[in-house]
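K.L.:
Quick one: the structure is below, and I'll ask about it shortly.
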Amino acid sequence: MKQNKIIFEGNDERQDHEADMARSELYKLAEYSVKLFKMIEPGSNLEGWTAAKITKASDYISSVYHYMKYEQKFGDEEPENNQDELEYEESIKKEISNSLSEQWLKHKQG
C-alpha cells in the first residue's frame, strides 16, 4: 500500500507518533462513519445536535484533507507520481464504497 508522507517541522519521533495517532483516529472515524451510515435510514429524523456534530466532523476532516493536498502539491516535498496518487485514491474510494454497500445490504436483509 502506498504511504503518503508529509513532513512537518519538529523531531522525527514526534512526527511518527503523531502520524500513527492520526491514522488510528482516522480508522476509528471510518469505522464509526460506516456504522452510523447504516443506522441512519434515508428520511430518518435526527436531533439537530446530532446532525450538527456530523457536519462539524465532516468540515474538520475536509479542512485537514485540503490542507494536506495543498502541501503535497505546493509544499517543499518532491512531487509524487500523480498516476500512483490517483490509483491510490480510487482504491480507497472503491474499498469504502464496497464496505458501505455490503453493510447496507446486510442491514436491509437482516
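K.L.:
For a quick check: sort Ser44, Ser101 by the number of other beta carbons within 10 angstrom, fewest at the front.
P.N.:
Numbers: Ser44 7, Ser101 10.
The order, fewest Cβ neighbours first, is Ser44, Ser101.
K.L.:
Over the Cα atoms of the range 17-87, each weighted equally, I'd like the Debye log10 I(q)/I(0) at q = 0.18, 0.26 Å⁻¹, rounded to two decimals.
P.N.:
-0.92, -1.25
K.L.:
For Lys38, list the lysines whose Cα falls under 27 Å from its own Cα; do not include residues on the same chain fewer than 8 positions away.
P.N.:
Leaving aside lysines fewer than 8 places away in the same chain, those within reach of Lys38 are Lys28, Lys53, Lys56, Lys93, Lys94, Lys106, Lys108.
Each reported figure results from applying straightforward, stated rules to the coordinates on display, with no laboratory input. Predicted, not measured: the structure shown is a model, and the values here were computed from it. Using ideal geometry, Cβ is built from the backbone for each residue, glycine included, and neighbour counts are taken over all protein chains shown.
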